[in-house]
Amino acid sequence: MLRYTAQRLLVAFAVAISVSVISFAILRMSTDLAQALAGEAANQEQVEQIRIAYGLDRPLPLQYLDWLADLFRGDLGQSYYFRSPVAELIGDRLPLTFSLAISSLFLALVIAVPLGIIAALKQNTWIDRACLTLAVVGQAMPSFWFALMLIFFFAVQLQWVPLSGGATWQGLILPVVVLAYYAMPAIMRLTRAGMVDVLASDYIRTARAKGLSSTSILLKHALRNAVMPVIALAAVQFGFLLGGSTIVETVFALDGIGYLSWESIQRADFPVVQSIVLLFSLIFVVLTLLTDLLNAWIDPRVRG
């Protein structure tokens, strides 16, 4: 287990460094940051002054090494637009986005896993088809359109919840529902597929032949083996929910990381955008690493 853990840590570190290099290069080359900071009315001399002031005239590898050195010291830089430390901006808005993602993932699991189990138990029946239809609709429906429909019916027409904002917990209900419905289809389909395979296996037939109850077979034998891929998927979905919060937070006017990233992209605030990209990437890497280690602990065969 220690050897497997060391190997996964090395891979995770390599992926994190690769992502930081690629994202840094893409963001730097996507636009002329000096021109964006100076504004369209600025002349060439003013643009060059800003380029020198922010170190944008230096070779790209040197800019990356400087940024990486500051990162290891815990310095994410200064926001070009907000004129405040990037770490403070992210720290202030991160709790809201994490709350949304965790609540949405919990709701998705609570609904999707039982539906996947029921669909597997009722395979090729109208219940199974209804669950699969729900999954297909969830995958096909744009999240911003679903958010607008919920706002129209429940906030405008019925006035059950606030129209926007996260000042109260009621204002988070619709965003959580939107994000949960975004994550549900993949979880439900994977749960169903895993349960169908497990229920058709030899050891399940043996358990039935021994006279074990259906509940015991389902919970102690089938679900335990079918849930492993779901654990891995849930970790990945949590990362997707963090990244997908940009659209939802913008639609519902929630002051989280997603909305901050949208604001920063609009204003070419490179230090903020780079830090958010790195943060989300590291979250993906860490979640994947933890999932691999958990699966290896549950099933020793994963270690090879």
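The values are calculated or read from the model by the stated rules, or taken from the named source; none is laboratory data. Since the model is a prediction, treat every value here as computed from it, not as a measurement. Virtual Cβ from ideal backbone geometry, glycine too; neighbours counted across all protein chains shown.
Conditions (1) more than 26 Å from the chain's Cα centre (by Cα); (2) surrounded by fewer than 16 Cβ atoms within 10 Å (Cβ to Cβ); (3) at pLDDT below 90; (4) assigned to a helix (DSSP H, G or I), marked per residue:
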| site | (1), (2), (3), (4) |
| --- | --- |
| GLU48 | yes, yes, yes, yes |
| LEU65 | yes, yes, yes, yes |
| ARG93 | no, no, yes, yes |
| LEU107 | no, no, no, yes |
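Among the candidates ILE283, ILE231, ILE257, which residue alone is of a type outside the set (Phe, Trp, Tyr), buried (at least 17 other Cβ atoms within 10 Å of the Cβ), more than 18 Å from PHE13 (Cα to Cα) and modelled with pLDDT of 75 or more? So that I can check it myself, show each step before the final result.
Details: ILE283 fails: more than 18 Å from PHE13 (Cα to Cα); ILE231 fails: buried (at least 17 other Cβ atoms within 10 Å of the Cβ).
The conditions single out ILE257.
Matching residues to (1) in the same structural domain as TYR182 (by TED's automatic domain parsing); (2) over 17 Å from ALA268 (Cα atoms); (3) not β-branched (Val, Ile, Thr):
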site	(1), (2), (3)
ALA16	no, yes, yes
ARG28	no, no, yes
ALA53	no, no, yes
ASP66	no, yes, yes
PRO85	no, no, yes
GLU88	no, yes, yes
SER104	yes, yes, yes
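Among residues of the range 135-149 that are at negative phi, those with a beta-carbon under 7 Å from a residue that is basic (Lys, Arg) and in a helix (DSSP H, G or I) at least six positions away or on a different chain give the pairs ALA135/ARG189. Taking the range 260-280, which residues are crowded, with 24+ Cβ neighbours inside 10 Å and free of Cβ contacts under 8 Å to residues at least 24 places away in the same chain? Passing the criteria: only SER261.
Restricting the range 95-104 to residues that are touching a residue at least 60 places away in the same chain (Cβ under 8 Å) and surrounded by fewer than 19 Cβ atoms within 10 Å (Cβ to Cβ) leaves a set whose member that is farthest from the chain's Cα centre (by Cα) is SER99.
Consider the range 67-91 and keep the residues that are buried (at least 19 other Cβ atoms within 10 Å of the Cβ) and hydroxyl-bearing (Ser, Thr, Tyr). The one that is farthest from GLY244 (Cα to Cα) is TYR80.
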